Amino acid sequence: MIFLSNNRKLFTSLIAVVFGALIILVAFLLTNWWYQPQREAGPVKTVGVLLAGDMKLNKLAGLKEGLEEQGYLSGVNINYVVQNAKNNGKILNPLASELIAKRPDVLVALGGVEADALRDILTLEQKEIPIVLAGVASTVKRGLVDNLQEHESNITGIDNYHTQLAGKRLELLTKLLPDTRRVLVIYDPEVIPGLQSLDIIENTAALLDIELIKYPVVAKDLIMTELPQVLANQEVEAILLSSSYFLEAAADELFQLSLDFKVPVMAVNEHEAYRGAFAAYGVSLYEQGRQAAPLIAKIFLGQHPSQIPLELSDKIELVVNMDVIKRLGLQVSPVGLSYARAISEGTSLGKGKIK
Amino acid sequence: MNSLPWWRKIRYRVLIFGLLMSIFPLLALGIVNINNTWTDLERSIHRQNMASVRWIAKDIDQLINSSITKIELTTSAFADLTKETKTQQEIVLFSLLKEVDEIEEMALLNKSNSAISRVSKREVLPLAENDSNLDLLVQKTQYGSVYFTKDGRPMMNVFIPLWNKQENERSGTLKVKLSLRGIIQKTVGAESGGYYFVVDSQGNLIGHQDFSQVLKSTQVTTSEAVRKLLAQVSPLEVTAPLKYKTYDNTLVLGAFAPVSNLNWGVVIEQPVKEAMVPIYQLVYKLLAVMGGLMFTVIGLSIYFGLRFTKPIEKLEAGTRIIASGNLDHLIAVKGDGEVAKLVEAFNNMTRELKLKSQNLLKEKELLDKVVSGAGVGMALIKDDCTLSWANAQLRSWFGLRDIAGQKCFQVLGEGNNYCQPCLARKKQGDTEISGDMITSVLVKGEKKYFRHQVFALNPSSPDDPRYLELIEDITARREMEAMVIQADKLAAVGLLASGVAHEINNPLATINAYAQDLIERLQEQKDNIGGAEQDQVQVNEIIADLNTITEQVGRCGQITRSLLNFSRQSDWKLEPVDLNKLIQETIKLLGYRFKKSNIQLLTSLEAKLPIINGSPIHLQQVLFNILINSVDALEAGGQIEITTRKKLHWVEVMIRDNGSGIKEEYLAKIFDPFFTTKPIGKGTGLGLSICYGIISNLKGEIKVDSEAGKGTKVIILLPANGETDVR
């Protein structure tokens, strides 16, 4: 019996030792399994986006695409709070205030008027949230920053250079339509880019020996009421648009007049060419948004906007709508065409882009 | 016994041992592994960065070459582009501007370096331009220096020679303004993380993955890799990982490579913090494993530690209980392992210890009885006269509780100095019994006499006792001896007195008889003669003288009777005496004296005091004498206390006063006849002698205790009725 009792104790002890060893093994494997190196996700960032109307949605698409390339996936580690004024300029400031109240990590202005609204509300409410400009014209002239490279403000982003390209647009218009000598310049006299563009256009016109008909537009309604008379009376050979928020908003009406009066329109954005302009020279809205994304990522990583110089848009492109050329019956010079990307109504805008 | 601190307990030691043995090997392996991995990783990153940087440099070179080649190929399609129509030239230039993203501007220059056609992405340029930089017509493609536009973008002019193929001569130059941003951004980034940048031959930053650095014109020449590039150090010379603090003070691992045709350099820098992420992950992993392992080992160590150490702790606890004196405690441990056997042996040892302790206790009790029963005080004394032990008898005599550190002469001797002579010191080294020493010590207010004997011991160590002192209380013997001496003395005095009294009584009786006879005869003659007056006067004078003689003879007779009383030679008529009643009668007799001296009398007479056999007259005389002495010793307002009580077969009368008391030197003489401290003529000195005689005659005892200035106490013991007869 004693022998049996001793054997049982020995057996129990052996079981305990084996059990202990198993626990160690399991603990080792569990901790090994548990600790898998993972990419540090970090806290979820919030981007507050303010846009004046749907025509800026391409910028938003480019912005999201660019941030995705930087590793920020919507709904995963980044959230977008979008306020869209739907072309109603009066509600931009209240929308900006609402956006700021949500305390996003970064505010994104998809245009100049949006930037003005965000800056004004932040100053009024004495709050400090970085603002990233996703393609704004005349950033220095309109007082957003003092200097592109060195500035002390909490604003950075992309200057789309569209104002400075106003003269280039006139030149390219003549490269496409070399016989053009009388051009109607439509501009918004109440915004800096409008006036700055006019100066540049006037200088270029003088250089190129072009006669300019200046047509300041202060309200969208005037385009439908006054512009037809101007076009009817002034023998305009082409229309040159300058950077303007509400000109972009009234694009459809303008292009309809263009067709009606057989007057080609040289526009600013690729998007406008798709909608009915004869040609456009500038940086696509999509690219502007995309180019702003790395700057937002830098702010997420802790840099202050004053440490990030403003950048100029890179991908300037001449787009020509072949359908419009056909409808207007225009004879386009091969010189101009050699530089242009031809599009037609069936042409896709590309990944993520919205017509 | 105090409980052990936790770190000394076997349970925790087993636990700590388990932890250390499980963690240390893992930790050591981990550290070695991490160290090796660190070194390997650094080398691996360096190799990877070197490969990447070479690739990027090559890529930049190829991208520029590719752009230039594209331009060259396009222009080579024409026999002489300068001779083509302006439209055609513009078409070519605009086509290239459109196709090659990096071209910012192009100008077609004729032989005299004048622009004949120009295109630009951003500017509306005048046609006429003479490029002053071109002194000669370039014979082959040349790269200009890098420069920056107003908005900070880096640009480089490339001059491509144009040929008239028919005449095989230089016809002009194509000046191409390249935007470097596009070129550098098109290159493949560093695969291993980090960032790369491009510097020109002056160390200017002309390209960076973070283009903001270029726009800010960040100075990167503090980077060690840039410095090596500028010093034209070959990357092949750098074999060890290049670790340094770069332009933004970050510790980086760097690598560099020159861009062969452009005299530029490419630098890859990877922050050590990012590069070593795998190492940190390894450390975290190791710590996690160690943590998991530690918890497991703690659990197992606790389980096995308790299992292994519980019997030992039980044994330790049991040992403490037994050590505290509980020999009945037996330790219970299950199992049959070594510890169980040890516990069993320990229990057996405890039983044995208990048995022997009991025997020892019995022997000790016996010894204690012997030592205590001897009625002798015993003390063990160290060499420095410090008491190390005293038996119960000695402690009882001297009221000793704690003898630690006490000197024998302070406790047992007569003062604070060594006894003279000190028996121990005198007999040092002598093992024989020393001589005696008698000391008188006041113990609890009572004077005691002790006889000391000292025996030298042979201590085994210097700390052990060196002497045994035996102390005997000889107070009773001393008193007995004194009483015997006193009795003998008084007996001798009594014998002398009675002899004298007898011898004097007869002549006195004769003198008295003759004097009486003469008085009677003279009285008769005086009556008979009735003679002259003068004769009558003479007879009366003679009778008066004779009366004086008889008076003085009577007085002498009184003295002789007193002497006979002292010597117990008087005749006694014994009868039952109620001492309480006798005392009260005597108090009445002396009432006047007490009042006169304003003495407070306190009596405490036992109600059922036995009747004694005695002579009331003599006993009253005794009481009278003692009380008179007290009154004389008291000043006004003094106090006398009289107490009677039965004490075994005796009746005790105690008379105590708080008077002047008797000096010690007189105490031995107070019963001597004619000894008095009173003024001459006020006392005969026979009062107490008579008392002594009367009490002794009644087989009683009389004792006087007195202290000068405090009072006197007289105790009379008389045999209760039926237990005495007249001697």
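The values are calculated or read from the model by the stated rules, or taken from the named source; none is laboratory data. As the structure is a computational prediction, the values presented were derived from the model and not from experiment. Here Cβ is always computed from backbone atoms with ideal geometry, including for glycine, and neighbour counts include all displayed protein chains. For accessibility, only protein heavy atoms count, side chains too; no ligands or nucleic acids. Shrake-Rupley method; radii C 1.70, N 1.55, O 1.52, S 1.80 Å.
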Out of all the residues in segment A:290-308, which are among the β-branched types (Val, Ile, Thr) and within 12 Å of chain B (Cβ to nearest Cβ)?
A:Ile299, A:Ile308
Selection from segment A:150-186 of residues over 19 Å from the mean Cα position of the chain (by Cα), away from every other protein chain (no Cβ under 11 Å) and among the β-branched types (Val, Ile, Thr) yields A:Thr180, A:Val183, A:Val185, A:Ile186
Tell me which residues, restricted to segment B:268-308, are of a type in the set (D, E, K, R), surrounded by fewer than 17 Cβ atoms within 10 Å (Cβ to Cβ) and either at the interface with another protein chain (Cβ under 10 Å from one of its Cβ atoms) or touching a residue at least 60 places away in the same chain (Cβ under 8 Å) (or both).
B:Glu274, B:Arg307
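Out of everything in segment B:322-336 that is open to solvent by 60 Å² or more (accessible area, probe 1.4 Å) and hydrophobic (A, V, I, L, M, F, W, C), what residue ends up being nearest to B:Arg11 (Cα to Cα)?
Ranking the candidates gives B:Ala332 first.
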With criteria (1) surrounded by 14 or more Cβ atoms within 10 Å (Cβ to Cβ); (2) more than 30 Å from B:Gly18 (Cβ to Cβ), B:Leu361 comes up short on (1)
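Looking at B:Gln89, B:Gln48 in this structure, which one is open to solvent by 60 Å² or more (accessible area, probe 1.4 Å) and among the polar types (S, T, N, Q)? Before the answer, list the steps.
Values: B:Gln89 fails: open to solvent by 60 Å² or more (accessible area, probe 1.4 Å).
Sole residue among the options that is open to solvent by 60 Å² or more (accessible area, probe 1.4 Å) and among the polar types (S, T, N, Q): B:Gln48.
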Inside segment A:309-329, can you point out the residues that are assigned to a loop (DSSP other than H, G, I, E, B), more than 8 Å from chain B (Cβ to nearest Cβ) and open to solvent by 40 Å² or more (accessible area, probe 1.4 Å)?
A:Gly329
I'd like the full set of residues that are assigned to a strand (DSSP E or B), over 25 Å from B:Leu563 (Cα atoms) and open to solvent by less than 30 Å² (accessible area, probe 1.4 Å), limited to segment B:628-653.
B:Ile640, B:Ile642, B:Thr643, B:Thr644, B:Val651, B:Glu652
Give me the residue from segment A:341-353 that is under 22 Å from the mean Cα position of the chain (by Cα) and either loosely packed, with under 15 Cβ neighbours inside 10 Å or modelled with pLDDT of 90 or more (or both) and, out of that set, nearest to the other protein chains (Cβ to nearest Cβ).
A:Arg341
In segment B:207-241, the residues that are of a type outside the set (A, V, I, L, M) and within 14 Å of chain A (Cβ to nearest Cβ):
B:Gly207, B:His208, B:Gln209, B:Asp210, B:Phe211, B:Ser212, B:Gln213, B:Lys216, B:Ser217, B:Thr218
Report every pair of residues separated by at least 6 positions or lying on different chains whose Cβ atoms are under 8 Å apart, first residue within segment B:570-595 and under 16 Å from B:Ile612 (Cα atoms), second of a type in the set (Asp, Glu).
B:Leu574/B:Asp725; B:Asn580/B:Glu606
Taking into account only those residues within segment A:134-186 that are under 27 Å from A:Ser258 (Cα atoms) and among the basic types (Lys, Arg), which is most open to solvent (accessible area, probe 1.4 Å)?
A:Arg181
Subset tally (residues that are open to solvent by 40 Å² or more (accessible area, probe 1.4 Å), part of a helix (DSSP H, G or I) and farther than 22 Å from B:Glu365 by Cβ) for segment B:389-411
1
From the option list B:Tyr244, B:Tyr195, single residue qualifying as within 14 Å of another protein chain (Cβ to nearest Cβ) and either touching a residue at least 40 places away in the same chain (Cβ under 8 Å) or under 16 Å from B:Met50 (Cβ atoms) (or both) is B:Tyr195
Go through the residues of segment B:309-324 one by one and say whether even a single one is acidic (Asp, Glu), part of a helix (DSSP H, G or I) and within 14 Å of chain A (Cβ to nearest Cβ).
no
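Considering only segment A:187-201, state which residues are open to solvent by 20 Å² or more (accessible area, probe 1.4 Å) and either more than 14 Å from chain B (Cβ to nearest Cβ) or without any contact (Cβ under 8 Å) to a residue 12 or more places away in the chain (or both).
A:Tyr187, A:Pro189, A:Glu190, A:Val191, A:Ile192, A:Leu195, A:Gln196, A:Asp199
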Criterion violated by A:Glu270 - all others in (1) over 18 Å from A:Gln164 (Cα atoms); (2) touching a helix residue (DSSP H, G or I) at 6+ places or on another chain (Cβ under 9 Å); (3) open to solvent by 10 Å² or more (accessible area, probe 1.4 Å) satisfied
(1)
Check B:Leu717 against each of (1) assigned to a loop (DSSP other than H, G, I, E, B); (2) more than 27 Å from B:Tyr592 (Cβ to Cβ); (3) open to solvent by 20 Å² or more (accessible area, probe 1.4 Å) and name the one condition it does not meet.
(1)
Would you mind stating whether B:Asp672 is among the acidic types (Asp, Glu) and assigned to a helix (DSSP H, G or I)?
no
B:Ala257 - would you say it is touching a strand residue (DSSP E or B) at 6+ places or on another chain (Cβ under 6 Å) and at pLDDT below 85?
no
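Check B:Ala115, B:Ala77, B:Ala128 and return the single one that is open to solvent by less than 50 Å² (accessible area, probe 1.4 Å), among the aliphatic types (A, V, I, L, M) and either at pLDDT below 90 or farther than 25 Å from B:Asp200 by Cβ (or both). Spell out the reasoning first.
Values: B:Ala77 fails: open to solvent by less than 50 Å² (accessible area, probe 1.4 Å); B:Ala128 fails: open to solvent by less than 50 Å² (accessible area, probe 1.4 Å).
Matching residue, one of B:Ala115, B:Ala77, B:Ala128: B:Ala115.
Counting only residues that are open to solvent by less than 20 Å² (accessible area, probe 1.4 Å) and touching a Lys or Arg at 6+ places or on another chain (Cβ under 8 Å), which one in segment B:162-179 is nearest to the other protein chains (Cβ to nearest Cβ)?
B:Ser179
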Residue within segment B:556-577 that is surrounded by fewer than 19 Cβ atoms within 10 Å (Cβ to Cβ), at pLDDT 85 or above and closer than 30 Å to B:Gly659 by Cβ present:
no
So B:Asn580, is it closer than 30 Å to B:Leu490 by Cβ, of a type outside the set (Lys, Arg), modelled with pLDDT of 85 or more and outside any strand (DSSP E or B):
yes
Which residues, taken from segment A:206-255, are within 14 Å of another protein chain (Cβ to nearest Cβ) and open to solvent by 10 Å² or more (accessible area, probe 1.4 Å)?
A:Ala206, A:Leu207, A:Leu208, A:Asp209, A:Ile210
Quick check, is B:Tyr449 open to solvent by less than 70 Å² (accessible area, probe 1.4 Å), in contact with a helix residue (DSSP H, G or I) (Cβ under 7 Å, 6 or more places away or on another chain) and either modelled with pLDDT under 75 or in a strand (DSSP E or B) (or both)?
yes
